[in-house]
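Encoded as structure tokens, the structure appears first; notes follow it.
The values are calculated or read from the model by the stated rules, or taken from the named source; none is laboratory data. Being a predicted model, the structure only gives us computed values, none of them experimental. Quick reminder, even Gly has a Cβ in these numbers, built from the backbone with ideal geometry, and neighbours come from all protein chains shown. What goes into the accessible areas is simple: the full protein's heavy atoms, side chains included, and nothing from ligands, DNA or RNA. Shrake-Rupley method; radii C 1.70, N 1.55, O 1.52, S 1.80 Å.
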Amino acid sequence: MIAIGSDHAAAALRHIVMEYLDEKKIPYIDCGTDESPSDYPVIAKEVCGKIQSGEAEMGILVCGTGIGMSLTANKMKGIRAAVCSETYSAKYTRLHNDANVLCMGERVVGTGLAKEILDVFLTTQFEGGRHARRVNMIMELEK
Ligand code: RB5
């Protein structure tokens, strides 16, 4: 299960992502919002809360740049959020960082690229091994 959310600056991209997930038959929880204006920290907290509770394994957060969402998400325990604007970062943040939240900016990436980034993020598995030790070192900082 994937939790998804946007602020007003990326509601259109959120809907495109949801259509894409529908096409791929990937289940998701829509945490909104279609309200405008809206505050990205509220939505990031909601989406990451679904991961913390175990209702979702991964999250997708979109805002104007993806940055506000990622800054908020990374304050939350157990969350490793990465802003990706191309596929290379999407691949390696899964392989090496075990990122569990993908952030993108509607004002940064086009629709086609956003779908490719999403596809790579969702289909790439964490490599583990030496990377697991490093990810554990990040998570130690939460204590
Ligand atoms: C909203 O104008 C914008 O600040 C927000 O979507 C995001 O880009 C923040 O990081």
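Below, the figures for the structure above:
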| item | result |
| --- | --- |
| Net charge over other residues, Cβ less than 11 angstrom from the Cβ of Ile2 (K, R count +1; D, E count -1) | -1 |
| Total formal charge among the other residues, if their Cβ is under 13 angstrom from that of Ala82, Lys/Arg +1 and Asp/Glu -1 | +1 |
| Protection-proxy order for peptides 133-142, 70-79, 34-43, each taking the mean of Cβ atoms within 10 Å per residue, highest first | 70-79, 34-43, 133-142 |
| Residue-normalised accessible area of the chain, expressed per residue, 1.4 Å probe, Å² | 51 |
| Surface accessible to a 1.4 Å probe, Arg94 within the full protein complex, Å² | 10 |
| In the chain, lysine pairs closer than 14 Å at Cα, eight or more apart or cross-chain | 7 |
| Rounded to whole Hz, the Karplus (6.51, -1.76, 1.60) HN-Hα couplings of segment 120-125, x for glycine and proline | 5, 4, 7, 9, 9, 9 |
| Prolate/oblate/rounded call for segment 38-143, Cα gyration tensor, a/c under 1.5 rounded | oblate |
| For Ile79, residues with placed amide H under 5 Å, excluding near neighbours | none |
| Amide H partners (placed H, <5 Å) of Cys103, local residues excluded | Leu61, Ala82, Val83, Cys84 |
| Summed residue charge, Cβ within 14 Å of Thr65's Cβ, Lys/Arg positive, Asp/Glu negative | -1 |
| In Hz, Karplus ³J(HN,Hα) per residue of segment 129-143 (6.51, -1.76, 1.60; θ = phi - 60°; x = Gly, Pro) | x, 4, 6, 5, 4, 6, 5, 4, 5, 5, 5, 4, 5, 6, 7 |
| Rounded, prolate or oblate (a/c below 1.5 giving rounded, otherwise prolate when a/b exceeds b/c) for segment 94-143 by Cα gyration tensor | oblate |
| J(HN,Hα) series, segment 103-112, from Karplus relation 6.51 cos²θ - 1.76 cosθ + 1.60, nearest Hz, glycine and proline x | 10, 9, x, 4, 7, 10, 10, x, 4, x |
